[in-house]
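Heads up, the thing below is written out as structure tokens.
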Amino acid sequence: MNIADLKRNIDIDEIGRQMHKLMSELYPICRSITGEGFRQTQNILKQHIPLEIHAIPSGTEVFDWTVPKEWNIKNAYLKNSKGEKIIDFKKSNLHVVNYSMAVNRKMLLKELQEHLFTLPEHPDWIPYRTSYYKENWGFCLSHNDFLKLKEDTYEVVIDSTLEEGHLNYGEYHIQGQNSEEVLISTHACHPSLCNDNLSGVVLSTFLAKCISSITPRYSYRFLFIPGAIGSIVWLCLNEHKVSNIKHGLVVACVGDRGSFIYKRSRRGDAEIDQAVVNVLRTSGSDYKIIDFSPYGYDERNYCSTGFNLPVGSLTRSTHSQFPQYHSSADNFDVVRHQYLAESFEKYLSVIYVLENNRKYLNLKPKGEVQLGKRGLYEMMGGLQRRPIDEMPLLWVLNMSDGKHSLLDISDRSGLDFDLIKNAADVLLDHKLLREVS
Ligand code: ZN
């Protein structure tokens, strides 16, 4: 099976439902950039795709960073002097500042308050906070619950460990017909948050599963990494492989109803940039294209000046651009299987374009080729408008000078990539074209 058959036969709605189901399975796990929750997540993904799980020891130097100690947590709560639990980690893992060090003591509200975080503008939501690189502790709670706290002596327990261990990441390499690679990278380190970024995790998993069912032209490398530090680790340990990366996408926030946003690579004019913009332009969905900036997700490392890889990021509502971002409200009310399915379809279309984008040479470039004698032309003369099917043929013949790709022709003509690709196939059958790259 090739990518065209795959695209034609796939049940996108069913894939959306399966992604949503996997998300429900992953949602309760308390993940972080290291630790048991991250490993447990990778092991669940392994039931779908043969992930290789790497383990990098704490303390390993990676460019300007050091792999942090491993964080694990068993339990955490806050009790008032009557012994009532005010905050319970077992009800929501967002209640504890991710990477909190262990605490077990009593304290007055005044001292405790410095370690409490709320979202006053959304008083029912629990914020998501982290303290990866500064040893600290804290609780997150709804602002309404915070306002109910009285002067009292509180029992503060965080049963966590921060010690030498490992940072893990998952990697799945699919060998294609050539060694040039498409990199698909997603951060898998957030706890119970759906759009950011379980949506990216489940989309990448099912995309990998689909691509593994065909023999693609490119090789594909899927990374499931802890955000920021994970891409630094991978780049540092795999610098010798980086030159194989021909195209790349960072997958995040693909499960909400927001319009699509494509953030260009730092290069701005890479083939991946052209492919994603082409797919969005012809998809009928609302979208926005934004230029690269050195902020956001792991593209900031892939596109750092020492690498400058052709890696963009296709999201829906992106980080901090949806109100529920990094809060308990980023849940199953935000993410729907239909939105996941729609995003999946966009990613698959981008891959279809990458797999089929080629340059050809018109073998009869002098004057217009006589399509009629080859049965490729409407034989009736004098028509005011040419039937639309001929236009892709004429565009491909006209622009196939060995320099313009099918994507260039699609962009210039305004015709769907698929029509242009099919026209090229017909012309190849009639020996009117030769592939140049
Ligand atoms: Zn995030």
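Which ones in region 322-338 are assigned to a loop (DSSP other than H, G, I, E, B) and within 16 Å of the ligand (Cβ to nearest atom)?
Phe322, Pro323, Gln324, Tyr325, His326, Ser328, Ala329, Asp330, Asn331, Val334, Val335
Name the residue, out of Tyr297, Tyr287, that is crowded, with 21+ Cβ neighbours inside 10 Å, hydroxyl-bearing (Ser, Thr, Tyr) and either away from the ligand (no atom under 16 Å from the Cβ) or in contact (Cβ under 8 Å) with a residue 24 or more places away in the chain (or both).
Tyr297
Residue by residue, here is whether (1) within 16 Å of the ligand (Cβ to nearest atom); (2) surrounded by fewer than 21 Cβ atoms within 10 Å (Cβ to Cβ) holds:
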position	(1), (2)
Ser293	no, yes
Val311	no, no
Ser320	yes, yes
Leu340	no, no
Pro365	no, yes
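Return yes or no: is Asn168 among the polar types (S, T, N, Q), buried (at least 21 other Cβ atoms within 10 Å of the Cβ) and within 16 Å of the ligand (Cβ to nearest atom)?
no
Quick one: in region 179-199, which of the residues that are assigned to a loop (DSSP other than H, G, I, E, B) and either hydrophobic (A, V, I, L, M, F, W, C) or closer than 20 Å to Ser265 by Cα (or both) is farthest from the ligand (Cβ to nearest atom)?
The residue in question is Glu180.
Of the residues Ile289, Ile272, only one is of a type outside the set (Asp, Glu) and in a strand (DSSP E or B); which?
The conditions single out Ile289.
Counting only residues that are among the charged types (D, E, K, R) and not in a loop (DSSP other than H, G, I, E, B), which one in region 292-321 is farthest from Val251 (Cα to Cα)?
Looking at residues that are among the charged types (D, E, K, R) and not in a loop (DSSP other than H, G, I, E, B), I get Arg300.
Regarding Lys373, is this residue part of a loop (DSSP other than H, G, I, E, B), farther than 23 Å from Leu6 by Cα, without any contact (Cβ under 8 Å) to a residue 40 or more places away in the chain and over 26 Å from the mean Cα position of the chain (by Cα)?
It is false that Lys373 is part of a loop (DSSP other than H, G, I, E, B), farther than 23 Å from Leu6 by Cα, without any contact (Cβ under 8 Å) to a residue 40 or more places away in the chain and over 26 Å from the mean Cα position of the chain (by Cα).
Of all residues in region 85-112, count the ones that are in a helix (DSSP H, G or I) and without any contact (Cβ under 8 Å) to a residue 12 or more places away in the chain.
Total meeting the criteria: 2.
Here are some residues: Asp330, Asp286. Which one is touching a Cys at 6+ places or on another chain (Cβ under 6 Å) and among the acidic types (Asp, Glu)?
One residue alone meets the criteria, Asp330.
Can you give me the number of residues within region 171-182 that are out of contact with any Ser or Thr (no Cβ under 8 Å at 6 or more places or on another chain) and surrounded by 24 or more Cβ atoms within 10 Å (Cβ to Cβ)?
The qualifying residues number 0.
Please list, ordered by first then second residue, the pairs with beta carbon atoms under 7 Å, 6 or more apart or interchain, first in region 312-338 and within 27 Å of Asp291 (Cβ to Cβ), second basic (Lys, Arg) and buried (at least 19 other Cβ atoms within 10 Å of the Cβ).
Qualifying pairs under 7 Å: Gly312/Lys263; Gly312/Arg264; Ser313/Lys263; Leu314/Lys346.
Checking Tyr154 against (1) within 17 Å of Thr34 (Cβ to Cβ); (2) in contact with a Lys or Arg (Cβ under 8 Å, 6 or more places away or on another chain), only one condition comes out false. Which one?
(1)
Taking the criterion of being in contact with a strand residue (DSSP E or B) (Cβ under 6 Å, 6 or more places away or on another chain), assigned to a loop (DSSP other than H, G, I, E, B) and of a type in the set (Ser, Thr, Tyr), would at least one residue in region 141-161 satisfy it?
no
Which pairs do you get when a residue that is in the same structural domain as Val201 (by TED's automatic domain parsing) and among the hydroxyl-bearing types (Ser, Thr, Tyr), found in region 176-187, comes within reach of a residue that is within 16 Å of the ligand (Cβ to nearest atom) and part of a loop (DSSP other than H, G, I, E, B), reach meaning Cβ atoms under 6 angstrom, with the pair 6+ apart or on two chains?
From region 176-187, the pairs are Ser185/Asp298.
The values are calculated or read from the model by the stated rules, or taken from the named source; none is laboratory data. Predicted model, so just to flag it, every value in this text is computed and none were measured. All Cβ positions, glycine included, derive from the backbone under ideal geometry; neighbour counts span all protein chains shown.
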